[in-house]
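Novice: The structure's right below; bear with me while I get my questions together.
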Amino acid sequence: MTATPSPSPAAAPSGGATRRSNTRRVLLAAPRGYCAGVDRAVIAVEKALEQYGAPIYVRHEIVHNKYVVQTLEKKGAIFVDVTAEVPEGSIVMFSAHGVAPTVHAEAAERKLATIDATCPLVTKVHKEAVRYAKEDYDILLIGHEGHEEVIGTSGEAPDHIQLVDGPEDVANVEVRDESKVVWLSQTTLSVDETMETVDALKSKFPNLLSPPSDDICYATQNRQIAVKKLAEDAELVIVVGSKNSSNSIRMVEVALDAGAPAAHLVDFASEIDEAWLEGVTTVGLTSGASVPDVLVDGVIEWLAERGYEDVETVKTADESITFSLPKELRRDLRAEAAALSAE
(Lines give C-alpha, C1' and ligand atoms only; values in the text may rest on other atoms or scores of the structure.)
Protein backbone atom coordinates (compact mmCIF):
# COMPACT_ATOMS: atom_id res chain seq x y z
CA MET A 1 0.00 0.00 0.00
CA THR A 2 1.39 3.40 -0.95
CA ALA A 3 0.29 6.99 -0.88
CA THR A 4 2.80 8.26 -3.42
CA PRO A 5 1.20 11.26 -5.15
CA SER A 6 0.38 11.08 -8.85
CA PRO A 7 2.36 13.25 -11.24
CA SER A 8 1.00 16.71 -11.88
CA PRO A 9 -1.53 16.72 -14.74
CA ALA A 10 0.40 19.65 -16.19
CA ALA A 11 3.39 17.44 -16.84
CA ALA A 12 3.96 15.68 -20.14
CA PRO A 13 6.85 13.41 -21.14
CA SER A 14 9.59 15.04 -23.13
CA GLY A 15 12.91 14.32 -24.71
CA GLY A 16 16.01 16.49 -24.53
CA ALA A 17 16.14 20.24 -24.08
CA THR A 18 18.54 23.11 -24.67
CA ARG A 19 19.36 26.18 -22.59
CA ARG A 20 19.05 28.40 -25.66
CA SER A 21 15.29 27.89 -26.03
CA ASN A 22 13.30 31.16 -26.04
CA THR A 23 10.19 29.44 -24.64
CA ARG A 24 9.69 29.75 -20.92
CA ARG A 25 9.35 26.25 -19.58
CA VAL A 26 9.74 23.95 -16.63
CA LEU A 27 11.70 20.71 -16.73
CA LEU A 28 10.11 18.44 -14.11
CA ALA A 29 12.30 15.65 -12.72
CA ALA A 30 11.11 12.07 -12.53
CA PRO A 31 11.60 10.45 -10.12
CA ARG A 32 11.12 13.04 -7.39
CA GLY A 33 9.30 13.31 -4.08
CA TYR A 34 8.26 10.50 -1.77
CA CYS A 35 10.47 7.44 -1.60
CA ALA A 36 9.19 4.08 -0.33
CA GLY A 37 10.56 4.59 3.17
CA VAL A 38 8.93 8.00 3.59
CA ASP A 39 5.67 6.75 2.08
CA ARG A 40 5.65 3.89 4.61
CA ALA A 41 6.40 6.15 7.57
CA VAL A 42 3.75 8.77 6.76
CA ILE A 43 1.09 6.12 6.16
CA ALA A 44 2.11 4.42 9.42
CA VAL A 45 1.29 7.60 11.39
CA GLU A 46 -2.01 8.04 9.56
CA LYS A 47 -2.97 4.39 10.11
CA ALA A 48 -2.02 4.54 13.79
CA LEU A 49 -4.23 7.60 14.25
CA GLU A 50 -7.12 5.86 12.47
CA GLN A 51 -6.66 2.60 14.34
CA TYR A 52 -5.87 3.79 17.86
CA GLY A 53 -7.05 7.39 17.90
CA ALA A 54 -5.14 10.50 18.93
CA PRO A 55 -2.72 11.18 20.35
CA ILE A 56 0.05 9.19 18.71
CA TYR A 57 3.45 10.36 19.89
CA VAL A 58 6.31 10.41 17.39
CA ARG A 59 9.93 10.66 18.50
CA HIS A 60 11.44 13.40 16.33
CA GLU A 61 9.88 14.41 13.02
CA ILE A 62 8.56 11.31 11.25
CA VAL A 63 10.27 12.63 8.10
CA HIS A 64 12.13 15.89 7.50
CA ASN A 65 9.38 17.95 5.90
CA LYS A 66 7.63 20.92 7.49
CA TYR A 67 4.34 20.48 5.59
CA VAL A 68 4.06 16.76 6.37
CA VAL A 69 4.75 17.31 10.07
CA GLN A 70 2.22 20.16 10.31
CA THR A 71 -0.42 18.10 8.50
CA LEU A 72 0.03 15.12 10.83
CA GLU A 73 -0.04 17.39 13.89
CA LYS A 74 -3.47 18.63 12.82
CA LYS A 75 -4.64 14.99 12.73
CA GLY A 76 -3.43 14.31 16.27
CA ALA A 77 0.23 13.35 16.07
CA ILE A 78 2.48 14.82 18.76
CA PHE A 79 6.16 15.14 17.91
CA VAL A 80 8.63 15.00 20.80
CA ASP A 81 12.40 15.37 21.01
CA VAL A 82 13.02 12.84 23.78
CA THR A 83 11.26 9.71 25.00
CA ALA A 84 10.79 11.23 28.46
CA GLU A 85 8.21 13.62 26.97
CA VAL A 86 5.86 10.71 26.20
CA PRO A 87 3.39 9.94 29.03
CA GLU A 88 3.63 6.44 30.48
CA GLY A 89 1.20 3.98 28.93
CA SER A 90 1.10 5.82 25.59
CA ILE A 91 1.95 4.78 22.03
CA VAL A 92 5.16 6.16 20.55
CA MET A 93 6.40 5.81 16.98
CA PHE A 94 10.06 5.93 15.96
CA SER A 95 10.77 8.01 12.86
CA ALA A 96 12.00 6.85 9.46
CA HIS A 97 15.55 7.87 10.43
CA GLY A 98 15.86 5.12 13.05
CA VAL A 99 16.87 5.21 16.71
CA ALA A 100 19.60 3.73 18.86
CA PRO A 101 18.97 0.66 21.07
CA THR A 102 19.05 2.95 24.11
CA VAL A 103 15.86 4.62 22.86
CA HIS A 104 14.07 1.25 22.72
CA ALA A 105 15.23 0.67 26.29
CA GLU A 106 13.93 4.08 27.37
CA ALA A 107 10.53 3.29 25.85
CA ALA A 108 10.40 -0.02 27.71
CA GLU A 109 11.26 1.71 30.99
CA ARG A 110 8.40 4.16 30.47
CA LYS A 111 6.04 1.27 29.62
CA LEU A 112 5.29 2.59 26.14
CA ALA A 113 3.83 0.62 23.28
CA THR A 114 6.08 1.25 20.28
CA ILE A 115 5.76 1.36 16.49
CA ASP A 116 9.02 1.26 14.59
CA ALA A 117 8.73 3.20 11.31
CA THR A 118 12.47 3.10 10.59
CA CYS A 119 13.12 2.90 6.85
CA PRO A 120 14.12 -0.69 5.99
CA LEU A 121 17.21 0.63 4.19
CA VAL A 122 18.33 2.37 7.38
CA THR A 123 17.62 -0.83 9.32
CA LYS A 124 19.96 -2.61 6.90
CA VAL A 125 22.78 -0.24 7.85
CA HIS A 126 22.04 -0.79 11.55
CA LYS A 127 22.33 -4.56 11.08
CA GLU A 128 25.61 -4.14 9.20
CA ALA A 129 26.97 -2.05 12.09
CA VAL A 130 26.00 -4.72 14.63
CA ARG A 131 27.56 -7.50 12.53
CA TYR A 132 30.87 -5.73 11.97
CA ALA A 133 31.06 -4.75 15.62
CA LYS A 134 30.65 -8.40 16.62
CA GLU A 135 33.55 -9.21 14.30
CA ASP A 136 35.55 -6.48 16.10
CA TYR A 137 35.99 -4.15 13.12
CA ASP A 138 36.57 -0.44 13.42
CA ILE A 139 33.56 1.03 11.63
CA LEU A 140 34.00 4.35 9.84
CA LEU A 141 30.53 5.88 9.46
CA ILE A 142 30.41 8.48 6.70
CA GLY A 143 27.78 11.05 7.57
CA HIS A 144 26.93 14.40 9.08
CA GLU A 145 27.34 14.98 12.80
CA GLY A 146 24.05 15.45 14.63
CA HIS A 147 21.84 13.94 11.93
CA GLU A 148 19.23 11.64 13.49
CA GLU A 149 20.14 8.73 11.22
CA VAL A 150 23.82 9.00 12.20
CA ILE A 151 22.91 9.13 15.90
CA GLY A 152 20.77 6.02 15.56
CA THR A 153 23.35 4.02 13.62
CA SER A 154 26.20 5.06 15.93
CA GLY A 155 24.15 3.89 18.88
CA GLU A 156 24.17 0.32 17.58
CA ALA A 157 27.91 -0.02 18.25
CA PRO A 158 29.25 3.11 19.98
CA ASP A 159 32.54 1.48 20.95
CA HIS A 160 33.33 0.51 17.36
CA ILE A 161 31.95 3.40 15.28
CA GLN A 162 33.61 6.72 14.55
CA LEU A 163 32.07 9.41 12.38
CA VAL A 164 33.81 10.65 9.23
CA ASP A 165 32.14 13.92 8.21
CA GLY A 166 33.49 14.33 4.68
CA PRO A 167 36.88 13.82 2.99
CA GLU A 168 38.47 16.65 4.98
CA ASP A 169 37.84 14.64 8.16
CA VAL A 170 39.85 11.60 7.00
CA ALA A 171 43.15 12.96 8.35
CA ASN A 172 41.73 12.73 11.88
CA VAL A 173 40.75 9.07 11.65
CA GLU A 174 42.69 6.55 13.71
CA VAL A 175 41.99 2.82 13.96
CA ARG A 176 43.23 -0.04 16.13
CA ASP A 177 44.03 -2.46 13.32
CA GLU A 178 44.30 -1.31 9.70
CA SER A 179 43.47 -4.83 8.51
CA LYS A 180 40.04 -4.71 10.17
CA VAL A 181 38.39 -1.49 9.01
CA VAL A 182 35.03 -1.11 7.22
CA TRP A 183 33.04 1.89 6.05
CA LEU A 184 29.30 2.45 6.29
CA SER A 185 27.33 5.57 5.41
CA GLN A 186 24.30 7.68 6.11
CA THR A 187 21.76 6.79 3.40
CA THR A 188 20.88 10.35 2.33
CA LEU A 189 24.29 11.70 1.36
CA SER A 190 25.52 12.87 -2.01
CA VAL A 191 26.81 9.83 -3.87
CA ASP A 192 29.75 11.79 -5.27
CA GLU A 193 30.74 13.23 -1.90
CA THR A 194 30.50 9.82 -0.25
CA MET A 195 32.73 8.15 -2.82
CA GLU A 196 35.23 11.01 -2.52
CA THR A 197 35.39 10.27 1.21
CA VAL A 198 35.67 6.52 0.56
CA ASP A 199 38.55 7.11 -1.88
CA ALA A 200 40.37 9.22 0.72
CA LEU A 201 39.84 6.52 3.34
CA LYS A 202 41.13 3.82 0.99
CA SER A 203 44.27 5.86 0.36
CA LYS A 204 44.88 5.94 4.10
CA PHE A 205 43.68 2.37 4.80
CA PRO A 206 44.35 0.17 1.73
CA ASN A 207 42.60 -2.81 3.35
CA LEU A 208 39.38 -0.85 3.96
CA LEU A 209 36.38 -3.12 3.55
CA SER A 210 33.23 -1.94 1.78
CA PRO A 211 29.75 -2.98 2.94
CA PRO A 212 28.00 -5.80 1.04
CA SER A 213 25.98 -3.26 -0.95
CA ASP A 214 26.07 0.49 -1.47
CA ASP A 215 24.43 2.11 1.55
CA ILE A 216 23.33 5.24 -0.32
CA CYS A 217 19.63 4.48 -0.84
CA TYR A 218 18.18 3.94 -4.30
CA ALA A 219 15.89 6.99 -3.98
CA THR A 220 18.74 9.32 -3.05
CA GLN A 221 20.77 8.10 -6.02
CA ASN A 222 17.85 8.34 -8.45
CA ARG A 223 16.96 11.88 -7.38
CA GLN A 224 20.56 13.03 -7.68
CA ILE A 225 20.87 11.53 -11.16
CA ALA A 226 17.64 13.30 -12.16
CA VAL A 227 18.79 16.68 -10.83
CA LYS A 228 22.08 16.33 -12.73
CA LYS A 229 20.04 15.89 -15.91
CA LEU A 230 18.03 19.04 -15.13
CA ALA A 231 21.26 20.96 -14.55
CA GLU A 232 22.34 20.31 -18.15
CA ASP A 233 19.56 22.50 -19.54
CA ALA A 234 18.15 24.70 -16.78
CA GLU A 235 19.47 28.14 -15.85
CA LEU A 236 17.72 27.76 -12.49
CA VAL A 237 16.99 24.60 -10.47
CA ILE A 238 14.39 24.71 -7.70
CA VAL A 239 14.43 21.87 -5.16
CA VAL A 240 11.32 21.61 -3.00
CA GLY A 241 12.30 20.42 0.47
CA SER A 242 12.87 21.48 4.06
CA LYS A 243 16.06 23.02 5.44
CA ASN A 244 16.62 20.05 7.78
CA SER A 245 16.28 17.48 4.98
CA SER A 246 19.74 16.11 4.23
CA ASN A 247 18.81 14.61 0.86
CA SER A 248 17.12 17.85 -0.27
CA ILE A 249 20.15 19.95 0.68
CA ARG A 250 22.42 17.53 -1.18
CA MET A 251 20.27 17.90 -4.34
CA VAL A 252 20.90 21.65 -4.42
CA GLU A 253 24.64 20.98 -4.09
CA VAL A 254 24.51 18.30 -6.81
CA ALA A 255 22.70 20.67 -9.19
CA LEU A 256 25.35 23.37 -8.73
CA ASP A 257 28.20 20.87 -9.06
CA ALA A 258 26.60 19.59 -12.28
CA GLY A 259 26.69 23.04 -13.85
CA ALA A 260 23.38 24.71 -12.99
CA PRO A 261 24.01 28.48 -12.83
CA ALA A 262 21.71 28.72 -9.81
CA ALA A 263 19.85 26.32 -7.49
CA HIS A 264 17.67 27.01 -4.46
CA LEU A 265 15.82 25.05 -1.77
CA VAL A 266 12.26 26.08 -0.85
CA ASP A 267 9.55 24.56 1.32
CA PHE A 268 6.72 26.31 -0.50
CA ALA A 269 6.16 28.28 -3.71
CA SER A 270 5.76 31.43 -1.61
CA GLU A 271 9.47 31.24 -0.72
CA ILE A 272 10.59 31.67 -4.35
CA ASP A 273 12.21 35.02 -5.06
CA GLU A 274 11.01 36.41 -8.39
CA ALA A 275 14.47 37.89 -8.88
CA TRP A 276 15.73 34.33 -9.41
CA LEU A 277 13.78 34.25 -12.70
CA GLU A 278 15.56 37.21 -14.29
CA GLY A 279 16.94 36.09 -17.65
CA VAL A 280 15.79 32.50 -17.05
CA THR A 281 13.93 30.65 -19.80
CA THR A 282 14.25 27.12 -18.40
CA VAL A 283 13.56 26.18 -14.77
CA GLY A 284 14.42 22.72 -13.48
CA LEU A 285 12.08 21.50 -10.75
CA THR A 286 12.42 18.55 -8.40
CA SER A 287 11.79 17.64 -4.77
CA GLY A 288 13.39 15.76 -1.90
CA ALA A 289 12.42 12.24 -0.88
CA SER A 290 10.15 13.44 1.94
CA VAL A 291 8.12 15.94 -0.12
CA PRO A 292 4.50 15.31 -1.20
CA ASP A 293 3.73 16.28 -4.78
CA VAL A 294 1.10 18.80 -3.70
CA LEU A 295 4.00 21.14 -2.85
CA VAL A 296 5.56 20.63 -6.29
CA ASP A 297 2.17 21.33 -7.90
CA GLY A 298 2.10 24.61 -6.01
CA VAL A 299 5.44 25.61 -7.54
CA ILE A 300 4.24 24.60 -11.01
CA GLU A 301 1.18 26.85 -10.59
CA TRP A 302 3.34 29.71 -9.28
CA LEU A 303 5.67 29.45 -12.27
CA ALA A 304 2.77 29.18 -14.74
CA GLU A 305 1.39 32.49 -13.43
CA ARG A 306 4.73 34.02 -14.43
CA GLY A 307 4.78 32.63 -17.95
CA TYR A 308 6.37 29.22 -17.41
CA GLU A 309 3.38 27.26 -18.67
CA ASP A 310 5.23 24.62 -20.69
CA VAL A 311 6.01 21.68 -18.35
CA GLU A 312 8.11 18.79 -19.64
CA THR A 313 8.94 15.67 -17.62
CA VAL A 314 12.58 14.56 -17.66
CA LYS A 315 12.56 10.90 -16.69
CA THR A 316 15.78 9.16 -15.67
CA ALA A 317 14.53 6.08 -13.76
CA ASP A 318 11.49 4.03 -12.84
CA GLU A 319 10.71 3.34 -9.20
CA SER A 320 8.45 0.49 -8.15
CA ILE A 321 9.79 -0.35 -4.67
CA THR A 322 7.28 -0.46 -1.81
CA PHE A 323 7.67 -1.49 1.83
CA SER A 324 5.07 -3.18 4.01
CA LEU A 325 3.77 -1.25 6.99
CA PRO A 326 5.26 -1.80 10.47
CA LYS A 327 4.08 -5.10 11.92
CA GLU A 328 2.99 -3.37 15.13
CA LEU A 329 0.00 -1.89 13.28
CA ARG A 330 -1.47 -5.39 13.19
CA ARG A 331 -1.77 -5.48 17.00
CA ASP A 332 -3.98 -3.79 19.60
CA LEU A 333 -1.37 -1.36 20.90
CA ARG A 334 -3.77 0.58 23.12
CA ALA A 335 -4.45 -2.63 25.04
CA GLU A 336 -0.73 -3.39 25.17
CA ALA A 337 0.02 0.09 26.50
CA ALA A 338 -2.65 -0.26 29.16
CA ALA A 339 -1.30 -3.66 30.22
CA LEU A 340 2.26 -2.30 30.40
CA SER A 341 1.22 0.66 32.54
CA ALA A 342 -0.69 -1.65 34.90
CA GLU A 343 2.37 -3.81 35.59
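The values are calculated or read from the model by the stated rules, or taken from the named source; none is laboratory data. Source: prediction; values computed, not measured. Here the Cβ positions follow ideal geometry from the backbone for every residue, glycine too, while neighbour counts run over all protein chains shown. Remember, those area values only see protein heavy atoms, side chains included, never the ligands or the DNA or RNA. Shrake-Rupley method; radii C 1.70, N 1.55, O 1.52, S 1.80 Å.
Novice: Mind checking the dipole of the chain: about its Cα centre, +1 per Lys or Arg Cβ, -1 per Asp or Glu Cβ, Debye to the nearest 20?
Specialist: Charge dipole of the chain: 880 debye, to the nearest 20.
Novice: Now for a separate question. So what is the calculated 222 nm ellipticity per residue for the chain, using -39500 (n - 2.57) for each DSSP H run with n of 4 or more, over all residues, to the nearest 500 deg cm²/dmol?
Specialist: It lands at -11000 deg cm²/dmol.
Novice: For the charge dipole of the chain, defined by +1 on Lys and Arg C-beta atoms and -1 on Asp and Glu C-beta atoms about the Cα centroid, which residue among ALA335, THR83, LEU184 has the Cα displaced farthest towards the positive pole?
Specialist: Of the options given, the answer is ALA335.
Novice: How would you classify region 240-281 from its alpha-carbon gyration tensor, with a ≥ b ≥ c the square roots of the eigenvalues: rounded for a/c under 1.5, else prolate if a/b is greater than b/c, otherwise oblate?
Specialist: oblate
Novice: Same structure again: Calculated FRET efficiency, ALA84 and GLU309, Cβ-Cβ r, R0 45 Å, to nearest 0.05?
Specialist: Rounded to the nearest 0.05, the efficiency is 0.30.
Novice: Would you mind pulling out the separation of the Cα centroids of region 273-343 and region 42-77, in Å?
Specialist: So the separation of the two Cα centres works out to 15 Å.
Novice: Quick one: pull the percentage of alpha-carbon pairs in the chain with a separation above 35 Å.
Specialist: 29
Novice: Testing the spin-label approximation: label points 7 Å from Cα along Cα→Cβ at PHE268 and VAL175. State their distance in nm.
Specialist: So the two model labels end up 4.8 nm from each other.
Novice: Can I ask one more? Excluding VAL283 itself, calculate the net charge of residues whose Cβ lies under 9 Å from the Cβ of VAL283, where each Lys or Arg counts +1 and each Asp or Glu counts -1.
Specialist: With Lys, Arg at +1 and Asp, Glu at -1, the neighbours total +1.
Novice: Also, I was wondering about something else. Report, in whole Å, the centroid distance computed from the Cα atoms of region 172-248 and region 117-157.
Specialist: If we compute the Cα centre of each part, the gap is 15 Å.
Novice: Count the lysine pairs in region 122-202 that are 8 or more places apart or on different chains: how many have C-alpha atoms under 20 angstrom apart?
Specialist: The number of close lysine pairs in region 122-202 is 4.
Novice: Hey, another quick one. What percentage of all Cα-Cα pairs in region 122-202 are separated by more than 19 Å?
Specialist: 29
Novice: Between ALA54 and ARG330, what length comes free when the chain is fully extended (0.36 nm per residue of separation minus the Cα-Cα distance, one decimal in nm)?
Specialist: Roughly 97.6 nm would be gained on extension.
Novice: Next question. By how many degrees, between 0 and 90 and to the nearest 10, does the Cα long axis of helix 333-342 differ from the longest principal axis of the chain?
Specialist: Rounded to the nearest ten degrees, it is 30.
Novice: Where a Cα-Cα gap under 12 Å defines reach, which aspartates and glutamates qualify for LYS75, not counting those fewer than 8 residues away within the same chain?
Specialist: Reachable aspartates and glutamates: GLU46, GLU50.
Novice: What accessible area per residue comes out for region 90-244, rounded to a whole number of Å², with a 1.4 Å probe?
Specialist: 39
Novice: Next question, about the same structure. Once you keep just the Cα pairs under 8 angstrom separated by 6 or more residues, what percentage relative contact order results for the chain?
Specialist: That works out to 28 percent.
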